[in-house]
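One structure is given here, and the rest of the page talks about it.
The values are calculated or read from the model by the stated rules, or taken from the named source; none is laboratory data. The structure presented is a predicted model; accordingly, all values stated were derived computationally and were not measured. Virtual Cβ from ideal backbone geometry, glycine too; neighbours counted across all protein chains shown.
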């Protein structure tokens with residue numbers, strides 16, 4: 001065997017090893033993303049909400065206060081706009097929502113209203129008379 005043949009054999013062997021390595025990498029199972037636990041979400045929201053309130057110029061987390069100009073342009077008043085729904089932890093079998101810094105499921109009660117349905121983008125509450133939809 002001459003040097004050229006040995007070089008060609010080594011090159012082919014290296015290319016075969018690279019091909020085998022890449023083939024194994026392509027067939028590896030991809031792990032699904034990890035869903036955060038409700039406890040972790042609650043702890044995180046308790047840490048984040050005071051900072052959000054400070055950014056909005058409020059002394060505590062709660063309803064957003066926005067200026068609204070009435071029909072009479074000389075009068076302006078502030079109206080509290082409640083943004084109760086802060087998140088949805090979606091799952092077909094066991095969806096949960098974060099309402100007023102609490103994690104709730106279908107059937108739970110929040111401020112006298114029962115959670116009737118949790119969808120990917122909204123939560124339906126009922127007080128027994130009428131239904132209220134909270135959207136993200």
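Contact map, segment 107-132: residues that are more than 11 Å from residue 85 (Cβ to Cβ) paired with residues that are assigned to a loop (DSSP other than H, G, I, E, B), Cβ distance under 6 Å, separation 6+ or inter-chain. Pairs shown: 113/127; 120/90. When you check residue 67 against the structure, is it more than 27 Å from the chain's Cα centre (by Cα), modelled with pLDDT under 85, over 14 Å from residue 101 (Cβ atoms) and outside any helix (DSSP H, G or I), yes or no? Answer is yes for this residue. Taking segment 116-133 as the range and being modelled with pLDDT under 90 and within 18 Å of residue 42 (Cβ to Cβ) as the test, only 123 passes. Yes or no: residue 23 at pLDDT below 60, more than 30 Å from residue 97 (Cβ to Cβ) and over 22 Å from the mean Cα position of the chain (by Cα)? Answer is no for this residue. Beta carbons closer than 8 Å, at least 6 apart along the sequence or on distinct chains, pair a first residue in segment 12-36 that is under 30 Å from residue 87 (Cβ atoms) with a second that is assigned to a helix (DSSP H, G or I) for 36/44.
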